[in-house]
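A short write-up of the structure that comes next.
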Amino acid sequence: MRRRIGGAFFVFCLNLFLFSGFGLTGGVSDFLILQDIYDYKFMGYGGGKGPGIIITADHFDLDHSDESYEAVYFSELKEIGVKVNVAKHAGAESDRWLFHELDLEFRNYYGIPDNSYALKNLEGNIILAFGSGGWDYRWLSGNKVIIIDYTDLDMKKPQPLEVVKAYLAKHPSTLPQMSLVELRSSANKVKWIKDEMERRLWLGEKWFLQLQMGKVEVVEALDRIVKTLAVFLNYRERYYGIKARDEKIALLGYQELKDGTAIKAKLSEYKTWWAVNKTKSISVP
């Protein structure tokens, strides 16, 4: 879910943020703008190790170290609190999915872009944007993920583009030039859906590798693997017409028995099926 700061609750959140943020060390200024941006007062920062908000997309980071910081700005004139998150990724294998994971929350469960999903071109920089109860802006700058959001339930306040442009100057967008028509095209939807199916199988492999290396407990690993394979099976049912119910029941049974061997055999079975069928055409709304 997208996170918001707004209303009277903003002050309470801000107090927690100030106390948790200061005292951190390191090159925070490489990530954040640690001063006022026009009439937006810099209120504090927090963060440290971690992949930032794309953890909600099941971003895999057990085999490397990402770094993420958040800052809060507040304009009394506009009565807007703005939150900025900048996460630097380590250049690991999982970075191949950053663009894919960046807009996952702007699509429905089956990968179709939400009607409120938009694009903005700010001085030649393409950024992703979602307008509902405020705006959420996102882009990549190399291996950095930048997310800026704020709350405006009535959608009547001026957008904090001064903050967005300041961060674009610091972290220019490396997203490819694209149009909203391209974003909503059948080709884009099909590619995203197939990438998600591929990613889910890849995630299963990554968790098994961590289990094999003794870096994660059996219970957690099998839970993660079964959940990610369930997504793959739901997509396969939706777009390829293969019923998922019996397969998901079997996986849950193996999980209860802690039978990683049987689950791994299922993963291999799905990978073999995918290698044969991933180039086949699918229909999308």
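FYI, it's all coordinate maths here, none of it is from the lab. No experiment lies behind these values; they were computed from the predicted model shown. Don't worry about glycine lacking a Cβ; one is built from the backbone with ideal geometry, like all the others, and counts go over all protein chains shown.
Multiplying the residue separation of E79 and V284 by 0.36 nm and subtracting their alpha-carbon distance yields 69.7 nm.
With the cut-off at under 18 Å, measuring from each backbone N in region 245-266 to a point 7 Å along the Cα-to-Cβ line of N234 picks out 245-253.
In terms of the Cα gyration tensor, with a ≥ b ≥ c the square roots of its eigenvalues, is region 19-160 rounded because a/c is under 1.5, prolate because a/b exceeds b/c, or oblate? Cα axes put region 19-160 in the oblate bin.
For K144, the lysines whose Cα falls under 25 Å of its own Cα, not counting residues fewer than eight places away in the same chain, are K41, K49, K83, K88, K120, K165, K170, K189, K191, K194, K206.
Overall, the chain carries a charge dipole of about 780 debye about its Cα centre when +1 sits on the Cβ of Lys and Arg and -1 on the Cβ of Asp and Glu, all other atoms neutral.
Axis angle, to the nearest 10 degrees, between helix 218-240 and the longest C-alpha principal axis of the chain: 80 degrees. Normalised Debye scattering of the chain at q = 0.09 Å⁻¹ gives log10 I(q)/I(0) of -0.50, counting only Cα atoms as equal scatterers and leaving out solvent. The label-point distance for S65 and E198, in a model that sets each label 7 Å from Cα toward Cβ, rounds to 3.1 nm. Result for the chain in a Gaussian network model with C-alpha springs under 10 Å: among L252, L32, L77, the largest mean-square fluctuation is at L77. Residue exposure proxy: T151, T279, T56, ordered by other Cβ atoms within 10 angstrom of their Cβ from fewest to most, comes out as T279, T56, T151.
Cβ-Cβ distance of L161 and N115, R₀ of 30 Å, FRET efficiency by 1/(1 + (r/R0)^6): the value works out to about 0.85. Arranged from fewest to most other beta-carbon atoms within 10 Å of their beta carbon, R96, R236, R200 become R96, R236, R200.
For the chain, the longest piece that avoids every one of the GluC sites (Glu not before Pro) found in DSSP loops with at most 11 other C-beta atoms within 10 Å covers 124-216. Ordering Y167, W207, W192 by the projection of their Cα atoms onto the charge dipole of region 165-210, which places +1 on the Cβ of Lys and Arg and -1 on the Cβ of Asp and Glu, puts Y167 at the extreme positive end. Sort out for me the Cα centre separation of region 142-160 from region 81-98, rounded to whole Å. About 17 Å separates the Cα centre of region 142-160 from the one of region 81-98.
Selection among Y254, G81, A129 by position relative to the dipole of the chain gives Y254 as farthest towards the positive end (Cβ unit charges, Cα centre). Compute the helix-to-body angle for 9-21: its Cα long axis versus the longest principal axis of the chain, expressed 0 to 90° and rounded to tens. With rounding to tens, the tilt is 80 degrees. With neighbours defined as other Cβ atoms within 10 Å of a residue's Cβ, the residues W273, W192 order from fewest to most as W273, W192.
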